[in-house]
1. Taking K and R as +1 and D and E as -1, what net charge do the other residues with C-beta under 9 Å from the C-beta of residue 105 add up to?
2. Starting at the first residue of the stretch 75-89, write each ³J(HN,Hα) from the Karplus equation 6.51 cos²θ - 1.76 cosθ + 1.60 with θ = phi - 60°, in whole Hz, x for Gly and Pro.
3. What spacing in nm lies between the two simple spin-label points modelled at residue 118 and residue 44, each 7 Å away from Cα in the Cβ direction?
4. Using modelled backbone amide H atoms (1.01 Å from N, in-plane), which distant-in-sequence or interchain residues come within less than 5 Å of residue 45's amide H?
5. Please report the net charge: other residues with Cβ closer than 14 Å to the Cβ of residue 35, K and R +1, D and E -1.
6. Compute the distance in nm between two label points, each set 7 Å from the Cα along the Cα-to-Cβ direction, one at residue 28 and one at residue 89.
7. For residue 27, give me every one of the lysines with a C-alpha distance below 20 angstrom, ignoring sequence neighbours fewer than eight places off in its own chain.
8. Karplus couplings for the stretch 90-95 from phi (6.51 cos²θ - 1.76 cosθ + 1.60, θ = phi - 60°), rounded to Hz, Gly and Pro as x?
Amino acid sequence: MKTQRRFSCPGQSNYALGRLKPGEMNKTESAYAERLEMLRRSGKIQWYKFEGLKLRLAGNTFYTPDFAVMGEDGVIECHEVKGRWMDDARAKIKVAADMYPFRFIAVKSRLQKDGGGWETEVF
């Protein structure tokens, strides 16, 4: 298992440096994959794939949504699973939403004390 170095900023929690290797899910992404699998089995979506698309935004700038999802209507959606927004992630998803004919949805897990489940934001 890969360990990550952590740093802290005044007034903020510790954050991991870097990202897991491509193709490896974090805990939140794994939990969302379980949700997508339940939706697939119930027929509410037809297909999904983790890091299934890589979209070019500019010369050497790319955006890889966490999940490519095909809804029951056949429309492709790009789902971005977030614990919190950092760096240029929000800017990239907005640019991608302007450039590509997919639905772009950000998904964030709700705390159990707030009822659990998932919050969504459509771009």
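Read the figures in this text as sums done on the coordinates, not as results from a lab. Please read these numbers as outputs of a predicted model, since none were measured by experiment. When we count neighbours, we look across all protein chains shown, and the Cβ atoms used for this are built from the backbone with ideal geometry, even at glycine.
1. Working: positive: 103; negative: 77, 80, 121.
That works out to -2.
2. 7, 7, 10, 10, 9, 10, 9, 10, x, 7, 7, 9, 6, 9, 4
3. Taking the simple label geometry, residue 118 and residue 44 are separated by 0.8 nm.
4. Excluding prolines and chain starts, which carry no amide H, the hits are 40.
5. So the surrounding residues net to 0.
6. Modelled inter-label distance: 0.5 nm.
7. List returned: 2, 49, 82, 108, 113.
8. Computed from phi, the couplings for the stretch 90-95 are 5, 4, 5, 5, 5, 5 Hz.
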